[in-house]
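**Q** Below is the structure I would like to discuss, written out as structure tokens.
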Amino acid sequence: MRCRYACGSKEHAVSRRAFLGTAAGGLAAMASGVGIQPAVAAQLGSTQKRVLNIFLYGGVSQLETWDPKPGTDTGGPFRPINTSVPGVQICELLPHTAKVMHHLSIIRSLDTKNGDHGRGQVEMTTGRTRTPGLDYPHLGAVAARTLTPDNFALPGHILITSNGRSGPSAYLGPKYASVNLVDGKAPVNSERPANLPEATDERRQKFRAQANNRFAGRRRTAETDAYASSYDQALQLMARREVFDVQKESAADQERYGKHEFGQHCLLARRLLENDVPFVQVNHSDYDTHFENFDFHIEQLGEFDKPFATLVGDLADRGLLKDTLICVMSEFGRTPKINQNYGRDHWGKAWSICLGGAGIQPGAVIGKTNENGTAVVEREVDHGHIFHTMLQAVGVDSKLEFDIGGRKFPIADPAKGPISELLA
Amino acid sequence: MHFVAAPIRPVAFCLGALLALTVLPARAEDLPLHERLDRLMESAAVGPIAPVCNDADFVRRVWLDLAGMVPPASEAKSFLEDSSADKRRQLVDQLLASPHFLRHYTLVLDVGLMERRPDKAVKTPEFQQYLYDFLAAGKPLDELYRELITADGVQTGPRAAARFLLDRDCEPNALTRDIGRIFFGRDLQCAQCHDHPIIDDYYQAEYYGLSAFVLRTSVFNTKDKQMQVAEKADGEASFQSVFTKTGSDRQLPRVPLGTTVLEPPMEKGSEYVVAPAKEVRPVPKYSRRAQLAAVLADSDQFRRNVANRIWALVMGRGLVHPVDGHHANNPATCPEALTLLTQELVARKFDLKSLVRELVLTRTYQRTCDPPKPEQFDFATLESLEKSLTAERETLAAAATKANFEREELGMKWLAATEERTKRQAELKPLEVAVAKAEEAHGKVAKALDGVKTALAKQQEQTAAVTEAAAKAKAAVEKVPGDKVLAEAAAKIAERQTALEAATKAASDKVTAATKPVEAALAELNTAREALAKARAALPADEVWLALEREERAALRNRLAADEAVAALDKRLALVKSLQEFKQQQAANPDLAAKSWDRLVEEWTIRGQVAPLKGLSAEQLALSLMQATGALDPQRPAALAAVQKKPPEELTKAAEAEKPRVLERLTEHKLLEQLRGPINVFVGLYADAAGDEFQATANQALFFGNNNQVASWLNPSGGNLVERLTKTEDPAALSEELYLALFARRPVDDEKAAIAQFLAERTQDKLAAVQEIVWALLASNEFRFNH
């Protein structure tokens, strides 16, 4: 009664080989130590891939952004406007974004079957439907693990936030948990204290290194190397602390992005991406518009639109966009039905996200909702497909598995796959 | 047991082993457990076996592993200076008897059971207090697992024990997965939706068999928002494979690789001690969770898992690794050692301390972490080793084929019996339906009969009343003759009487008519019931089916063991090949050979031939830093004072002779409470969710270098390490004190020289210089790892 079949999905085949491999295979796996799996490492090209994820907390309305439905019972008061992509229209609340639309694409057919904030936030950022008893790593942790080059001085997974929520790394471990730039400030403990002169630090670090060299004469492992080099990484990070200082950007750029929090955070994101940080997430709140949906969207998107479009434009102008994946996501969308308080409620049945940059077809529109946006009628996808697509877009084979201390974890939901027609 | 050509070992060790052999009893069973384990491990070794470590490594290692921190400098020094031959054993016994062991294993068990989940229903301090008391009472380990399963947070067991269930929200899939992993060492997650595609022996039925024990369990919230564990008397595990669409409507409870737990029939309406209702916590008469607890200690897989996890706690890695990855294709590095340890676990009644003691006394535990050198190994032995292993493989493979075949056969037999049983049970279905139908038909006519009977009674009552009135009216007419009105009334009443009598007769006829179908229906019902009873009696007895299942399960375990033996041997053969390849590379490509050798060293580490470098856990690191810097010293008297200030009953009521020990135990626990703050800071930064994967992050290094936490321990005060060192004039003495405090060893000459030179350049700011040196060594690999 042995198992005579398999999922049919590739990762089972892959891991079966790895699994049944002889000790030689085991040795090869061991050689990689605590670092990146060889299979994953081999995928890394010479050009640094990066991911920028903009998370609009509360659930942005798809009707007031990427999938307007003018002149219908659900459409609301705003008009659609033309974009730089002929035939593609978005809501008039995003005039600047409309001008950079040829760098971006829209997916209008998400059905994530969920209207809960906590769950939506977890599922959209982990690409998995929440399973009791199992936590999955955040996209940032996965990106950091797969995209961070060896000896990279900066953290691989950065979250720019005003509320301090962290991107969990689950089984990938603390190395890949988000480093939070709370209110856009540099990471905690990254500043050398005033009573610790640099010369003192240098002397003690040198003495530490000497002690380590002596101990290496006894025994040296991947773990001792990792521990020793974590101090060097910390020093490198401290040396490059100005990377986190948005004040170092020009006054003109400060002006272009806007002095408000989100503008400054977008500018900081540009600074980090320019320094090859593999994953940056910027949070923007608060889109939970049960009341006065339209007024709130004027206000929130008014803040979002210009810095976002400026960032897209700058990345394109500086030649970074071809290696930088951009995503604008939310927990879910909002109900087509307008409630009695001129609000829209939680809605995961038919909504949209925006993707662009590295590996993504520019100017595409994937999927379709019906006339008044109450159902997906073409190319239904969910968080699982998005997660695969994003990883594939930056060159990570999302069908592979992580090997964590002998345990195998599929990188993305094995039951799903990428939206291949969106991939460039 | 099989013997292989013994590889050449370093000379020093060989002599020691020979000496040991001469004084030991001849029969293997009479040898101490640690010696028996070592012999099994050594006979399974391929390549060099490292000698036991020096005293310095040992004292630091055993303190970290049994007391959870580095030894105080004074203890390290006196151990190094102790010349008694038995000093290692003495130290082990002393540590095992100390409350240090209770504190350390409290933390270790907490991480193993709760895997650093955030607090929910039961807070970590309460759970740790529970574990501490459990360990202090010296209760058997299987009891702990039973308590975790049965505790309901209100009636049964200590409330804190319910953390295992409650803090997983009693979610059946979360519980199934974690009980599978933590109790049985089998991560069945994949088998939730289909038989595991990679691991041959992880079946979906196994997942749902385990799930059947817990799926009736849920969280009950009291009015004042306390979480408690509730259980219902119904709810069945059913599943269908997403691939094959096969499955079961009713998977009965069964532990992994164990037999089905059949349930006593429960009469409808009396399934509960406390029946479910609004705002009431249901308690069933028959608890499936209690059943799981009852069969736990008899489960081979449970025992094997517990034995392997204890091995992993002591050695840093399970014989089976990962500890939740038990299956035939993931063999134990030495299956015989795991089997022996499992047997001893049962023989010693799950006594954790006794097993830990034997394990730290093994040579396997005490080996040095210094890697062996190629010249210490005689490569000429490989050829004969390969030959004997190849021959042995043939025998084992034949045995595995046989075991597979036997199991396949029994499996088919059991499957056929199960199908037959299901079929026969299905055959009862029409009979059950017939009984239900007959019951319904009988009910219907009986109800009709009841109706006409009621009507008749009513008629009879009316008739009786009117008959009585007619007689009275007749008597009145006779008494008042000539009263026309009266006579008319009497005649009318008499007329009514006649009519009523006729109606009564009609009703009576109806009753007679309705009685017949009832009798017929009853007869039919009885026939149907008899048929069902007969068919039920004709079913094969449960015991027969269960006996067959037991046989099949035993054959399955046998098959897994046989497959494991082959897989384990293949790993040894592969290692022989790697060694041969190394030998070839050594001549052709020395650089490549050096790398190969490093990989071989890692493989020997896994196989217990060389000691591992174990990264300190977050808790060990925090406590060791405090111990080494002297930050811990003032904490202990403070804890003692706190206990004495408010002595708990446990202390006041203790017998006079017991009081010092009780006080010591309470003080150690108070100390843990006091240190929770700094410990949690380190847990937040250094701990992994699963608790066993070593990770070094820049965040940790930033914290270690720039945060005030570590810096504060380096400020001179109250005779702490930095203060003592600063006051020490002689650099050599200073070095010695420093190295004993941090590494439990004396510095070598060149280390002393480095410190002397460092200090010589800094006569003006000696304090700062001392702080720099102490920080540097605390941040070094030698401190971060247990070696």
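The values are calculated or read from the model by the stated rules, or taken from the named source; none is laboratory data. Predicted model only: the values in this text are computed from it and were never measured. Ideal geometry is used to build each Cβ from the backbone, glycine not excepted, and the neighbour counts take in all protein chains shown. Ligands, DNA and RNA are stripped out before the accessible areas are found, and what is left, the full protein with its side chains, is counted by its heavy atoms. Shrake-Rupley method; radii C 1.70, N 1.55, O 1.52, S 1.80 Å.
**Q** So which residues in the range B:704-714 are assigned to a helix (DSSP H, G or I), surrounded by fewer than 22 Cβ atoms within 10 Å (Cβ to Cβ) and within 7 Å of chain A (Cβ to nearest Cβ), if there are any at all?
**A** Taking the range B:704-714 first, the residues assigned to a helix (DSSP H, G or I) are B:704-706, B:708-713.
Add one more test, that the residue is surrounded by fewer than 22 Cβ atoms within 10 Å (Cβ to Cβ), and what stays is B:706, B:708-712.
Listed by number, the list holds a single entry, B:Asn706.
**Q** Confirm whether B:Thr333 is closer than 30 Å to B:Lys87 by Cβ and either more than 14 Å from chain A (Cβ to nearest Cβ) or open to solvent by less than 10 Å² (accessible area, probe 1.4 Å) (or both).
**A** Working: closer than 30 Å to B:Lys87 by Cβ: yes; either more than 14 Å from chain A (Cβ to nearest Cβ) or open to solvent by less than 10 Å² (accessible area, probe 1.4 Å) (or both): no.
Answer is no for this residue.
This table checks each residue for (1) touching a Lys or Arg at 6+ places or on another chain (Cβ under 6 Å); (2) farther than 30 Å from B:Ala417 by Cβ; (3) more than 14 Å from chain A (Cβ to nearest Cβ); (4) surrounded by fewer than 19 Cβ atoms within 10 Å (Cβ to Cβ).
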| position | (1), (2), (3), (4) |
| --- | --- |
| B:Ala538 | no, no, yes, yes |
| B:Glu551 | no, no, yes, yes |
| B:Asn558 | no, no, yes, yes |
| B:Arg572 | no, yes, no, no |
| B:Gln580 | no, yes, no, yes |
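**Q** Considering only residues that are of a type in the set (D, E, K, R) and touching a residue at least 24 places away in the same chain (Cβ under 8 Å), which ones fall in the range B:410-440?
**A** Taking the range B:410-440 first, the residues of a type in the set (D, E, K, R) are B:413, B:419-421, B:423-424, B:427, B:429, B:432, B:437, B:439-440.
Scanning the range B:410-440 gives B:Lys413, B:Glu420, B:Arg421, B:Arg424, B:Glu427, B:Glu432, B:Lys437, B:Glu439.
**Q** Which one is farthest from B:Val722 (Cα to Cα), of the residues in the range B:765-787 that are within 11 Å of chain A (Cβ to nearest Cβ) and either assigned to a strand (DSSP E or B) or open to solvent by 40 Å² or more (accessible area, probe 1.4 Å) (or both)?
**A** Only one residue tops the list, namely B:Phe785.
**Q** Any chance the range B:513-529 includes a residue that's hydroxyl-bearing (Ser, Thr, Tyr), under 27 Å from the mean Cα position of the chain (by Cα) and either under 30 Å from B:Ala426 (Cβ atoms) or open to solvent by less than 40 Å² (accessible area, probe 1.4 Å) (or both)? First the steps, then the outcome.
**A** Of the range B:513-529, the ones hydroxyl-bearing (Ser, Thr, Tyr) are B:515, B:527.
Those left that are additionally under 27 Å from the mean Cα position of the chain (by Cα): none.
Within the range B:513-529 (the criterion being hydroxyl-bearing (Ser, Thr, Tyr), under 27 Å from the mean Cα position of the chain (by Cα) and either under 30 Å from B:Ala426 (Cβ atoms) or open to solvent by less than 40 Å² (accessible area, probe 1.4 Å) (or both)), the answer is no, since none of the residues qualifies.
**Q** Could you check the range B:316-403 for helices (runs of 4 or more DSSP H) lying wholly inside it with 2 or more residues that are without any contact (Cβ under 8 Å) to a residue 40 or more places away in the chain?
**A** Values: elements: B:335-347, B:352-360, B:363-366.
Here the list reads B:335-347.
**Q** Kindly indicate whether any position in the range B:587-600 is buried (at least 22 other Cβ atoms within 10 Å of the Cβ) and at pLDDT 95 or above.
**A** Within the range B:587-600 (the criterion being buried (at least 22 other Cβ atoms within 10 Å of the Cβ) and at pLDDT 95 or above), the answer is yes, since at least one residue qualifies.
**Q** Hey, can you tell me all the residues within the range B:298-315 that are outside any helix (DSSP H, G or I) and either β-branched (Val, Ile, Thr) or open to solvent by 20 Å² or more (accessible area, probe 1.4 Å) (or both)? So that I can check it myself, show each step before the final result.
**A** Of the range B:298-315, the ones outside any helix (DSSP H, G or I) are B:298-299.
Result: B:Asp298, single match.
Residues are listed down the side, and each one gets a yes or a no for (1) open to solvent by less than 40 Å² (accessible area, probe 1.4 Å); (2) within 60 Å of the chain's Cα centre (by Cα); (3) farther than 30 Å from B:Glu524 by Cβ:
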residue: B:Asn404; (1), (2), (3): yes, yes, yes
residue: B:Gly411; (1), (2), (3): yes, yes, yes
residue: B:Leu449; (1), (2), (3): yes, no, no
residue: B:Ala465; (1), (2), (3): no, no, yes
residue: B:Val485; (1), (2), (3): no, no, yes
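**Q** Let me ask something else about it. Those residues that are of a type in the set (Lys, Arg) and touching a residue at least 40 places away in the same chain (Cβ under 8 Å), I need them from the range B:513-565; list them, please. Let's see the steps before the verdict.
**A** Residues of the range B:513-565 of a type in the set (Lys, Arg): B:516, B:529, B:534, B:536, B:550, B:553, B:557, B:559.
Across the range B:513-565, the qualifying residues are B:Arg529, B:Arg536, B:Arg550, B:Arg553, B:Arg557, B:Arg559.
**Q** Specify which of the listed residues (B:Arg661, B:Arg762) is within 12 Å of another protein chain (Cβ to nearest Cβ) and either over 18 Å from B:Ser617 (Cα atoms) or open to solvent by 50 Å² or more (accessible area, probe 1.4 Å) (or both).
**A** Values: B:Arg661 fails: within 12 Å of another protein chain (Cβ to nearest Cβ).
Only one candidate qualifies: B:Arg762.
**Q** For the range B:32-56, which positions are open to solvent by 10 Å² or more (accessible area, probe 1.4 Å) and assigned to a helix (DSSP H, G or I)?
**A** B:His34, B:Glu35, B:Arg36, B:Arg39, B:Leu40, B:Met41, B:Glu42, B:Ser43, B:Asp55, B:Ala56
**Q** Can you list residue pairs whose Cβ atoms sit under 8 Å apart, with the first residue in the range B:62-86 being within 27 Å of B:Trp311 (Cβ to Cβ) and the second being part of a loop (DSSP other than H, G, I, E, B) and polar (S, T, N, Q)? Count only pairs 6 or more apart in sequence or on different chains.
**A** B:Ala67/B:Ser98
**Q** Quick one: what pairs do we get from the range A:306-332, first residue under 20 Å from A:His388 (Cβ atoms), second among the charged types (D, E, K, R) and buried (at least 21 other Cβ atoms within 10 Å of the Cβ), C-beta under 6 Å, 6+ apart or different chains?
**A** Cβ pairs passing all conditions: A:Asp323/A:Lys49; A:Thr324/A:Arg50.
**Q** Among the residues of the range A:154-162, is any within 21 Å of the chain's Cα centre (by Cα), away from chain B (no Cβ under 14 Å), surrounded by fewer than 20 Cβ atoms within 10 Å (Cβ to Cβ) and within 22 Å of A:Gln264 (Cα to Cα)?
**A** So far as the range A:154-162 goes, yes, one or more of its residues are within 21 Å of the chain's Cα centre (by Cα), away from chain B (no Cβ under 14 Å), surrounded by fewer than 20 Cβ atoms within 10 Å (Cβ to Cβ) and within 22 Å of A:Gln264 (Cα to Cα).
**Q** Checking B:Leu175 against (1) within 14 Å of the chain's Cα centre (by Cα); (2) assigned to a loop (DSSP other than H, G, I, E, B); (3) free of Cβ contacts under 8 Å to residues at least 60 places away in the same chain, which single condition isn't satisfied?
**A** For B:Leu175, the failing item is (2).
**Q** Could you pull out every one of the helices (runs of 4 or more DSSP H) wholly within the range A:192-285 that has 1 or more residues that are within 25 Å of A:Met390 (Cβ to Cβ) and of a type in the set (D, E, K, R)? Spell out how you get there, then give the answer.
**A** On the way: elements: A:198-216, A:222-239, A:251-257, A:261-274.
It comes to A:261-274.
**Q** Filter the range A:367-392 for residues that are farther than 16 Å from A:Thr335 by Cα, open to solvent by 10 Å² or more (accessible area, probe 1.4 Å) and either hydroxyl-bearing (Ser, Thr, Tyr) or in contact with a Pro (Cβ under 8 Å, 6 or more places away or on another chain) (or both) and give the result.
**A** Listed by number, the residues that qualify are A:His385, A:Gln392.
**Q** Additional query: Cβ-Cβ below 7 Å, separation at least six or inter-chain, first residue in the range B:601-617 and within 8 Å of chain A (Cβ to nearest Cβ) and closer than 21 Å to B:Phe682 by Cβ, second open to solvent by 20 Å² or more (accessible area, probe 1.4 Å) and part of a helix (DSSP H, G or I): which pairs?
**A** If the second residue must be open to solvent by 20 Å² or more (accessible area, probe 1.4 Å) and part of a helix (DSSP H, G or I), the pairs left are B:Leu613/A:Glu223; B:Gly615/A:Glu223.
**Q** Filter the range B:225-276 for residues that are modelled with pLDDT of 90 or more, within 24 Å of B:Leu548 (Cβ to Cβ), in a strand (DSSP E or B) and among the polar types (S, T, N, Q) and give the result.
**A** Passing the criteria: only B:Thr260.
**Q** Still on this structure: Considering only residues that are of a type outside the set (A, V, I, L, M) and surrounded by 13 or more Cβ atoms within 10 Å (Cβ to Cβ), look in the range A:192-205 and name the one that is nearest to A:Leu237 (Cα to Cα). Don't jump to the end; show me each part of the working.
**A** In the first step, residues of the range A:192-205 are kept if they are of a type outside the set (A, V, I, L, M); the result is A:192-193, A:195, A:197-198, A:200-205.
Right, trim to surrounded by 13 or more Cβ atoms within 10 Å (Cβ to Cβ) and you get A:192-193, A:200-201, A:203-205.
Working: A:Arg192: 11, A:Pro193: 15, A:Thr200: 18, A:Asp201: 14, A:Arg203: 18, A:Arg204: 18, A:Gln205: 15 Å.
Applying the filter and picking the extreme gives A:Arg192.
**Q** Follow-up question, since we're still on this one. Looking at (1) β-branched (Val, Ile, Thr); (2) at pLDDT 95 or above; (3) over 28 Å from the mean Cα position of the chain (by Cα), can you tell me which one B:Val566 breaks?
**A** (3) is the only condition that B:Val566 fails.
**Q** For the range B:618-630, name all the residues that are open to solvent by less than 10 Å² (accessible area, probe 1.4 Å) and either under 19 Å from B:Asn781 (Cα atoms) or within 10 Å of another protein chain (Cβ to nearest Cβ) (or both).
**A** Pass one, the range B:618-630, residues open to solvent by less than 10 Å² (accessible area, probe 1.4 Å): B:618, B:621-626, B:628-630.
Answer for the range B:618-630, where residues must be open to solvent by less than 10 Å² (accessible area, probe 1.4 Å) and either under 19 Å from B:Asn781 (Cα atoms) or within 10 Å of another protein chain (Cβ to nearest Cβ) (or both): B:Ala618, B:Leu621, B:Ala622, B:Leu623, B:Ser624, B:Leu625, B:Met626, B:Ala628, B:Thr629.
**Q** Residues to consider are B:Pro125, B:Pro172; find the one that is open to solvent by 20 Å² or more (accessible area, probe 1.4 Å) and within 14 Å of chain A (Cβ to nearest Cβ).
**A** Working: B:Pro125 fails: within 14 Å of chain A (Cβ to nearest Cβ).
Among B:Pro125, B:Pro172, only B:Pro172 is open to solvent by 20 Å² or more (accessible area, probe 1.4 Å) and within 14 Å of chain A (Cβ to nearest Cβ).
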